[in-house]
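The values are calculated or read from the model by the stated rules, or taken from the named source; none is laboratory data. Computed from a predicted structure; not experimentally measured. Here the Cβ positions follow ideal geometry from the backbone for every residue, glycine too, while neighbour counts run over all protein chains shown. Remember, those area values only see protein heavy atoms, side chains included, never the ligands or the DNA or RNA. Shrake-Rupley method; radii C 1.70, N 1.55, O 1.52, S 1.80 Å.
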Protein chains: 2
Amino acid sequence: MFKIGMLTDYGILILTHMAKNPQGWSSAAELSASLNLPKPTVAKVLKLMNHHGLLDSHRGKQGGYRLSRSPGRISITEILEAIEGPLHVTDCALPHASCQRIIQCDLPAHWRVVNEVIHSAIKEISLDFFCQSKPCGLVGYLARTSPSSTPNPS
Amino acid sequence: MFKIGMLTDYGILILTHMAKNPQGWSSAAELSASLNLPKPTVAKVLKLMNHHGLLDSHRGKQGGYRLSRSPGRISITEILEAIEGPLHVTDCALPHASCQRIIQCDLPAHWRVVNEVIHSAIKEISLDFFCQSKPCGLVGYLARTSPSSTPNPS
DNA sequence: CAATAGCGTACAAAATAAGTTCTATATTAA
DNA sequence: TTAATATAGAACTTATTTTGTACGCTATTG
Ligand code: FES
Ligand code: FES
């Protein structure tokens with residue numbers, strides 16, 4: 001339940017790898033080779049993340065992608081939404097949607113609350129968290145994280 | 001992303017309906033008629049929830065199902081797990097599993113933390129919350145809820 | 001003992017997700 | 001200017017999961 005897709009896992013893998021040299025451009029081919037992932041799939045994931053503003057891209061020789069922001073400013077919710085679409089527990093839970101399913105039920109308002117609870121719970125987790133070699137729970141991580149590097153300062 | 005299945009939505013619908021007469025036995029046929037849902041599907045969902053101890057069942061004439069506990073003591077996480085299986089963000093995030101995917105990645109420990117964050121965020125939401133006609137956010141709901149009726153007193 | 005209602009399993013159809021392929025466009029360097 | 005490289009975008013196929021249904025079995029009631 002609440003499973004993320006494989007592509008999202010790949011995405012995190014790719015981003016954490018790119019976080020290791022934040023300046024240089026990494027190409028899909030390089031990343032594919034380094035991480036032992038199929039190149040077309042890596043390319044697809046990179047495109048998705050680029051679309052959502054997580055990456056800068058550059059074409060041509062010596063081109064590739066790099067992080068558009070520091071890892072501490074990229075929230076896990078952005079990565080999830082980039083690859084899997086908007087974060088909602090049912091379609092009915094989307095901000096302005098009402099229930100469009102075959103059956104009609106009056107639960108969308110409730111699901112919207114559940115959705116909000118999940119979203120606020122994980123939004124403080126940033127790419128930085130995944131870059132740690134051994135995570136010892138979230139409390140320790142958040143304690144170590146300065147408020148200035150909080151992702152999604154909305 | 002993080003979508004619940006339709007069956008889970010049905011499940012909540014069914015449980016909230018049953019919460020209205022906690023004493024009597026509701027049959028799959030009755031529930032199907034009341035909620036305008038296909039009977040075989042209702043039966044399937046009821047079976048799943050019964051397996052996980054959310055319901056009491058009784059066979060034969062005048063038989064059916066009823067809630068095994070008061071709505072305030074049934075956590076949304078139990079309902080989710082009953083219908084969709086264990087709550088984990090990846091298979092690798094399960095307590096004792098390591099990454100069994102084709103690719104090998106060192107993220108399970110991180111996902112496990114994310115999983116725990118989500119789980120603790122929503123575990124206080126009970127069936128009672130879904131029985132409210134107009135939810136006004138979670139804070140109000142939790143304020144109104146007495147600590148004694150907290151689900152999952154683990 | 002007949003009618004009812006859950007139990008368990010198995011199966012078919014539908015919807016998603018994963019992975020691939022192809023053409024076009026931009027950038028660089030020789 | 002041209003060849004090589006690398007992303008952009010879309011379409012497509014395949015695999016997997018979810019959804020919905022069916023059926024024979026068992027327990028309970030009157
Ligand atoms: S069917 Fe849309 S929320 Fe229940
Ligand atoms: S592939 Fe298992 S957690 Fe990344």
### Query
B:Gln23 label points, 7 Å along Cα→Cβ, one per copy: pairwise distances from this copy to the rest in nm, shortest first?
7.8
### Message
Name the chain A residue nearest the rotation axis between A and B, going by Cβ position, and give the distance in whole Å.
### Response
A:Ala121, 2
### Summary
Checked segment B:1-75 against the a/c 1.5 cut and the a/b vs b/c comparison, axes a ≥ b ≥ c from its Cα gyration tensor; verdict oblate
### Query
Relative to the isolated chain, which residues of segment A:9-23 have their accessible area cut by 10 Å² or more in the presence of all protein chains (1.4 Å probe, heavy atoms, no ligands or nucleic acids)?
A:Asp9, A:Tyr10, A:Ile12, A:Leu13
#### Entry: Nearest-first distances (nm) between copies at B:Gly5, label 7 Å from Cα via Cβ
1.9
### Query
Any idea what the B:Glu116 label distances to the other copies are, label 7 Å down the Cα→Cβ vector, nm, shortest first?
2.8
### Query
Over segment A:1-123, what is the mean sequence separation of C-alpha contacts under 8 Å (at least six apart), divided by residue count, expressed as relative contact order in percent?
22
### Summary
For segment B:1-126, the convex hull over Cα atoms projects on average to an area in nm² of 9.1
### Message
What's the total accessible area buried between chains A and B, using a 1.4 Å probe, rounded to the nearest 100 Å²?
### Response
4200
